[in-house]
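Just so it is clear, none of the values below were taken in a lab; they were calculated from the coordinates. Computed from a predicted model, the values in this text were never measured in an experiment. For neighbour counting, all protein chains shown are included, and Cβ atoms are generated from backbone atoms with ideal geometry for every residue, glycine included.
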Amino acid sequence: MSVLERVGVIAEYEWRRAIAKKSVFALVILAAAIQTLVIVSNYEFNRSSGIGPLGINNSFMWIMSVLGGGSQALFIPLIAIIIAGGSMSEEYEHGTADILLSKPISRIEYLFGKLLGGFSLLAVVEALITFLGVVLSIAFFGAQSDLQFAPLMFFAIAYSSLVFFCLSFMFSEAFRGTTLAILLAFAAYIGSIIMSSLVTFLYGNVARVIPTWAATSFPSLLLSHFITASNAGLTVVDTEALYEAVLFIAVYAIVFIIIAALRLLKSDVTKKKD
């Protein structure tokens, strides 16, 4: 069996493990319900005027549906944190880590299989939420403009979610406790939001180094690079900010993965305590 096949086996196993978590399904259903509620509310509010409550032309409602409604800003990070937060730690808690690593597979293959499996599941959830947003916008507001950029928006959202997915994954391996990993990642997310607002107010662009800025800004920055700002109700894109967001997401994700890998490689695999 090749390296890729062994990584694929672990990734498939991670899918089955993560799908069994009811909390993931609950968040996905809640995200879809909130997204539907936002679209229906906007439709009822502006069906006579033809202009959305946020000043967005009806033909661009899919943008607000995909980026707004709480899905991209709240539920996707939460889903990412929950999937990744138990990825490594649950194996220690259930006593299966030593069994899995006793198989003919290296620790790095194991780590990347878990990482790939969890993130690919998250990407499928993001694709479904993006698709739902587009379908609802067409159903309630008619033909939408520039839908060719919807796949690009999905990839932007998936790339952005790497920050807190990898952070939660790192906590999961570093502390080897699911509840602690999820709480720490969620606290980091909330704290980053608060700090970003405060630092932006006090120091302006310095806030760009805070993880939340890149994770939340990249999709809208990328979209505004391709769609006419005046039609979509977006601000003119800051090219420098776009490149910085790409860089910061990559740096944070790589650093978090490296820390998780070092923890796995340098420490013993502890068995479940009776």
Gain in span if fully extended, GLU44 to GLU240, counting 0.36 nm per residue against the direct Cα distance: 66.7 nm
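Charges at C-beta only: +1 for Lys and Arg, -1 for Asp and Glu. How large is the resulting dipole of the chain about its Cα centre, in Debye rounded to 20? Show your work: numbers first, answer last.
Details: 16 positive and 17 negative charges, 114 e Å.
In total the dipole reaches around 540 debye.
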Cross-link reach list, aspartates and glutamates versus LYS22, counting only Cα pairs under 16 Å and skipping chain neighbours closer than eight places: GLU14, GLU90
Options PHE141, LEU180, TRP213, ranked by Cα towards positive dipole end of the chain, top entry (Cβ charges): LEU180
On Cα atoms only, tilt of 162-175 relative to the major axis of the chain in degrees: 30
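Based on other C-beta atoms within 10 Å, arrange VAL135, VAL199 from fewest to most.
On the way: VAL135 13, VAL199 17.
Taking fewest neighbouring Cβ atoms as first place, the list is VAL135, VAL199.
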Highest-MSF residue in the chain out of VAL28, VAL124, VAL206 [GNM, Cα springs under 10 Å]: VAL206
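Based only on other Cβ atoms within 10 Å, what is the fewest-to-most ordering of GLU12, GLU240? Present the calculation step by step, with values, prior to reporting the outcome.
On the way: GLU12 14, GLU240 10.
Ranking GLU12, GLU240 by Cβ neighbours within 10 Å, fewest first, gives GLU240, GLU12.
Show me the three semi-axes of the equivalent ellipsoid for the chain, from the C-alpha gyration tensor (sqrt of 5 times each eigenvalue), largest first, rounded to whole Å. Let's see the in-between values first.
Working: eigenvalues 265, 84, 53 Å².
So the equivalent ellipsoid measures 36, 21, 16 Å along its semi-axes.
In nm, what is the difference between 0.36 nm times the number of residues separating ILE99 and SER197 and their Cα-Cα distance? Don't jump to the answer; show the numbers that get you there.
On the way: separation 98, 0.36 × 98 = 35.28 nm, distance 4.54 nm.
So the extension gain works out to 30.7 nm.
List the relative contact order of the chain as a percent without decimals, with contacts defined as Cα pairs under 8 Å and 6+ residues apart.
Values: 357 pairs, mean separation 70.4, N = 274.
Averaging sequence separation for qualifying contacts and normalising by length gives 26 percent for the chain.
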FRET E, pair SER2, VAL206, Förster distance 41 Å, beta-carbon r, rounded to 0.05: 0.35
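Mind giving me the FRET efficiency for ILE258 and VAL135? R0 is 41 Å, r the Cβ-Cβ distance, nearest 0.05 is fine. Could the numbers behind the result be given before it?
Values: r = 39 Å, r/R0 = 0.96.
Efficiency for this residue pair is about 0.55.
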Angle between the chain longest axis and helix 76-85 axis [Cα atoms, degrees, rounded to 10]: 0
